[in-house]
Amino acid sequence: MSTHTLDVRGQLCPIPVIRTQNQAKKLAPGEVLEVLCTDPGAINDIPAWCRINGHTVRNTETRDDGKLIVITLEIGG
């Protein structure tokens, strides 16, 4: 299982979700995607996108430089 990082800090809605979706399409089931973001809406929007698309949010945390959302892809992107 590989871990990939997507940095969308400084991007505003809907770009963080769109870029997360685009990156997920390149990954295989079981891979992990760590999304770094600063858009306050992304902390709700990305988990909602995960629920709709069958992925699992493993962790969310607040950091000094933004939010980290850790996703496991359960199905092909």
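The values are calculated or read from the model by the stated rules, or taken from the named source; none is laboratory data. The structure presented is a predicted model; accordingly, all values stated were derived computationally and were not measured. Backbone-built Cβ (ideal geometry, glycine too); neighbour counts: all protein chains shown. Quick note on the areas: whole protein, heavy atoms, side chains included, nothing else; ligands and nucleic acids left out. Shrake-Rupley method; radii C 1.70, N 1.55, O 1.52, S 1.80 Å.
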To the nearest 10 degrees, the tilt of helix 42-53 (Cα long axis) against the first principal axis of the alpha carbons of the chain is 20 degrees
When the helices in the chain are scored as -39500 (n - 2.57) per DSSP H run of 4 or longer and the sum is shared across all residues, what 222 nm value do you end up with, to the nearest 500 deg cm²/dmol?
-9000 deg cm²/dmol
How high is the relative contact order of region 22-71, in percent, counting Cα pairs under 8 Å that sit 6 or more residues apart?
43 percent
C-alpha long axis of helix 15-25 to longest principal axis of the chain, angle in °
20 degrees
In a shell of Cβ-Cβ distance under 14 Å around I15, excluding I15 itself, what net charge do Lys and Arg (+1) and Asp and Glu (-1) give?
-1
In whole percent, the fraction of accessible protein surface over the chain that belongs to carbon or sulfur atoms, probe radius 1.4 Å, stands at 49 percent
Trypsin sites (Lys or Arg not before Pro) restricted to DSSP loop in the chain with at most 11 other C-beta within 10 Å
K26
